[in-house]
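In what follows, a structure is listed as structure tokens, so that the remarks can point back to it.
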Amino acid sequence: MKVVSVVMEDAVGFYTARNLPGGGGQDGRGTDWRRRMVYRVVLRSPLPPCKVHAQRSGAYTAKVAIQFGIVNEMSLYPQGAVGETEKIRCNVRAIDAVTGGNSLEDVCVEVLPGVPKGEGVGAYEWAGLRGGKGCCEVRLHMDSMPAQGRQIWLEVAIENPVDRPLYAMPLVFGPIGLHADEKAAELTGDEILLFYRPLQTGVFGEAPLLVQEQPELAIPGKIWDSALFASGAALDLIRQDREKSQWTILDLSSGTGVCGLWLAVVLSVLGRDERGVWRPSCLVILSDLEESLTVMHRNREAVRNRLDSTRVSVDVRRIRWGEMSDLKMRKTAEDVEDDGGPEDISAEGVGRPDLVIACDLVYEPEYLLPLAHTFIDLCCAKDGGCVLIGYKQRGLSAVEKDALWRLFGRCFTSVEPVIGDNIRATALDPERGPTAQHCGIELWLLSRPKSRDDALAALSEAVAAGHAETGLD
């Protein structure tokens, strides 16, 4: 068994007192949060009433006041991440959310400074952030307006300063209904808005991938940091094996489905290398508990027209850890190579995936054994696949974390960290995105699985050894 123990200076103990502001970091204010965090743009209040005004020229103008802010993946804003006098500007686009994240060419967007709500101060000098809060007034200029009105979606993005980067996922929200009829044009503030994150594909000219978040689902309803890095690392693993022409990829407990969907879209675009010989077929399976599948289904449908349907398909399945009945083993991609391609392997069942992606899953010790059993059921067979784990130190103690990797080491011959200076959040910014190490992300590859019998026997020994050895009761 090969288990490599690696101490990542910027990863271990990420959410600890040492790393909190005032905990002994740079200038006595704690760690530099800006380089260590991936932020999210969020709305701070509902949209106020808004009207569409008809101009004498026949054109139309709509005004939208937006109150927004930035938070980290825990929905918190670390105090002092943005200075009160630092001018962090915002950009706003009107986008086509139906066919992709491209800008609407017939809508001209004007962004002006706004007035912060309830703070007792005047308008900002700039449209953007002051500290962790921001506001702006958006004017949408249109040459015409259909009689039935139209719906648009807005994207709010934060500029990324060159001298002191601020990594923030933009927010896309809508639909906002616009009507030429003044009586129908007014927004009450009670409209139901949907929220999306636009993710870059890293391919020039390709529209961003819009992934819907569903805040009411809590943990599975949003995109967590590890997924931004694991998706690019998974693509690298696939591209390294050019001799393999068929792939089955399982995004385990994937919440929104972001990793698997990003891979499916990018593989559809990048399916041919410079010599035109690498066109792998790929089945991507998104999985989670029953209550989380609705948003996953919606996100799958939203990208369907961007997939190369001749060789890339996406399936959605309920999988409970430790429940082999949910896996319902079936043929692998190689078994049906002569039977028509990916469509024939998207029937019920998971089979033996070549790659399992497991992001932000291991934070409560009582669930580690069921997760290990699931890895065994999926991978521990002849020519079994590997597991790519995205991990960020949050809830486990040092003893529990050590037990985690040793537990997985009982199922796989090799447990190694994926280390590299170029592991970036490709979906956030392919060139200037933050690195995994700076954001406290650990990526681990479990490969060369043991036989199922040997792995199960090793797990039984671990449980029998008790809490002292495994960190598990």
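The values are calculated or read from the model by the stated rules, or taken from the named source; none is laboratory data. Small disclaimer: the values here were computed from a predicted structure and weren't measured. Glycine gets a Cβ as well: all are built from the backbone with ideal geometry, and neighbour counts include every protein chain shown. Please note that ligands, DNA and RNA were not included when accessible areas were found on the heavy atoms of the full protein model with its side chains. Shrake-Rupley method; radii C 1.70, N 1.55, O 1.52, S 1.80 Å.
Observations, loosely collected:
- Estimated at the nearest 10 Å², the accessible area of residue 375 is 0 Å² with a 1.4 Å probe.
- Rounded to whole Hz, the Karplus (6.51, -1.76, 1.60) HN-Hα couplings of the stretch 107-113, x for glycine and proline: 10, 8, 9, 10, 10, 10, x
- Taking Lys and Arg as +1 and Asp and Glu as -1, the other residues whose beta-carbon sits under 11 Å from that of residue 291 total -2.
- Surface exposure of the stretch 62-153, expressed per residue as accessible area with a 1.4 Å probe, stands at 48 Å².
- By average C-beta atoms within 10 angstrom, highest first, the peptides 385-391, 140-146, 224-230, 403-409: 224-230, 385-391, 403-409, 140-146
- Packing-based order for 451-460, 250-259, using average beta carbon neighbours within 10 Å, highest first: 250-259, 451-460
- Sequence-separation-based contact order of the stretch 246-321, relative, with Cα cut under 8 Å and 6+ spacing, percent: 41 percent
- For residue 67, the amide hydrogen comes within under 5 Å of the amide hydrogens of 44, 45, counting only partners 5 or more places away or on other chains and with H modelled in the peptide plane.
- Residues in the stretch 375-398 that a label on residue 243 would reach, taking backbone N under 16 Å of a point 7 Å out along Cα→Cβ: 383-384
- Lys, Arg +1 and Asp, Glu -1 on Cβ, resulting dipole of the stretch 358-414 about Cα centre, debye, nearest 20: 160 debye
- Extension gain (nm, one decimal) between residue 164 and residue 194, 0.36 nm per residue minus Cα-Cα: 7.7 nm
- The value for the stretch 70-131 of Rg(Cα) / (2.2 N^0.38 Å) is 1.42.
- Centre separation in Å (Cα based) which lies between the stretch 81-144 and the stretch 375-408: 43 Å
- Percent of Cα-Cα distances greater than 17 Å, calculated over the stretch 354-405: 37 percent
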